[in-house]
Amino acid sequence: MFRITKKTLLAPNIYLMDVYAPRIAKAAKPGQFLIVRVHEKGERIPLTICDYNVEEGTVTIVTQTVGASTNLICAKEEGDAFLDVVGPLGRPSEFVEETLDDLKSKKILFVAGGVGTAPVYPQVKWLHQQGVDVDVIIGAKSKEHIILNEQMSAIAKNVYIATDDGSLGTKGLVTTVLTDLIENKGKAYDVVVAIGPMIMMKFVSLTTKKYNIKTIVSLNTLMVDGTGMCGACRVSVGEKILFTCVDGPEFDGHLVNFDEAMRRQIMYKSAEGQKLRKQEK
Ligand code: NAD
Ligand code: FES
């Protein structure tokens, strides 16, 4: 069980893996995530589901080596297995609950930042399969860090690229392209879905608020149990304290307290840093 059937390097330090997990593949819906444990004493690592194939019984995950635990995941090779994979967890994207007429009446834009392009893919694919074509902005540091561009271009109406260094597409941040599409290209979006680094989701939400465009973000907070018991993934959304693992991972971007969420991520990073240093000794 949980054998890696395929491993591909997508960009520097970013790997795509197909994992044999037929029950998860059968139940998965766009927007959901899973939790991976590499070994007995291993940390539980939440990863968004990038794709799923019911016939082959596989789920696809995309992992960037950013710390001790993700290093362990990425060190696994084809034929190796994870100790356990739990999922699908979290609520599916709200699109899944909407009628086709509602979906087709909306102009939808996805904003994907770096590795966040991976969880955007199943949502765009699912909408495309329902006959709903959407626009996508993909942003990354440089051309070599852009992932899934070809796959996304095959299913989205328009894909706009932004790179920090200008090596592909527009030179600038995703918000540069977003503002340009709204201000100069006459795009009247009804919904924006932003998935990527927390700072990107914060600034996309601040931008769309000016234009009064509904915005959904998918939060990648620290998680431990993934079942609403430990409180590690708590986040302030408007007046409410919610748990990302059971109430999310998607929330209204105009209500999320991003500054608090980022402070909590930094707390986690220092713990992760200590573990990484131990691992390197
Ligand atoms: P990155 O830091 O290269 O950023 C990607 C793009 O986001 C940039 O190219 C830029 O266009 C945009 N961006 C960054 N800062 C911005 C700002 N201040 N304003 C507007 N736009 C901004 O991305 P990366 O290194 O691939 O990202 C890794 C991060 O993504 C990690 O923190 C990871 O945890 C997170 N991530 C989130 C999810 C999720 O579900 N939300 C999924 C996977 C990864
Ligand atoms: Fe424990 Fe969400 S991960 S409550």
Item checked: Checking Glu280 against (1) at pLDDT 95 or above; (2) of a type in the set (Asp, Glu); (3) exposed (fewer than 12 other Cβ atoms within 10 Å of the Cβ), the condition it does not meet -> (1)
Next item on the list: Among what's in the range 121-140 and is within 14 Å of ligand 1 (Cβ to nearest atom) and modelled with pLDDT under 95, pick the residue that is nearest to Ile213 (Cα to Cα).
Entry: Gln123
Notebook entry, point to check: If only one of Tyr15, Tyr20 is more than 16 Å from Val86 (Cα to Cα) and aromatic (Phe, Trp, Tyr), which one is it?
Noted result: Tyr15
Check: Can you tell me which of Arg37, Arg23, Arg44 is within 22 Å of Thr227 (Cβ to Cβ), surrounded by fewer than 20 Cβ atoms within 10 Å (Cβ to Cβ) and free of Cβ contacts under 8 Å to residues at least 40 places away in the same chain?
Finding: Arg23
Checklist line | Residue ID - nearest to ligand 2 (Cβ to nearest atom), chosen from residues in the range 188-216 that are without any contact (Cβ under 8 Å) to a residue 24 or more places away in the chain and assigned to a helix (DSSP H, G or I) | finding: Leu206
Notebook entry, point to check: Mind checking whether some residue in the range 119-138 is among the charged types (D, E, K, R), under 30 Å from His39 (Cα atoms) and part of a strand (DSSP E or B)?
Noted result: no
Next item on the list: Might you let me know whether the range 71-86 holds any residue that is among the small types (Gly, Ala, Ser), within 15 Å of ligand 1 (Cβ to nearest atom) and farther than 24 Å from Phe110 by Cβ?
Entry: no
Checklist line | Selection from the range 217-251 of residues that are within 16 Å of ligand 1 (Cβ to nearest atom), of a type in the set (Ser, Thr, Tyr) and not in a strand (DSSP E or B) | finding: Thr221, Thr244
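For (1) buried (at least 21 other Cβ atoms within 10 Å of the Cβ); (2) within 23 Å of Thr70 (Cα to Cα), each residue gets a yes or a no:
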| site | (1), (2) |
| --- | --- |
| Lys171 | no, no |
| Thr179 | no, no |
| Val192 | yes, no |
| Thr215 | yes, no |
| Gly226 | yes, yes |
Check: Would a scan of the range 94-108 turn up a residue that is away from ligand 1 (no atom under 14 Å from the Cβ), at pLDDT 95 or above and surrounded by 16 or more Cβ atoms within 10 Å (Cβ to Cβ)?
Finding: yes
Next item on the list: Would you mind stating whether Ile61 is farther than 30 Å from Thr215 by Cα and part of a strand (DSSP E or B)?
Entry: no
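The values are calculated or read from the model by the stated rules, or taken from the named source; none is laboratory data. Every value quoted in this text rests on a predicted model; they were computed, and no experiment measured them. Counting neighbours? That spans all protein chains shown, and the Cβs are built from the backbone with ideal geometry, glycine included.
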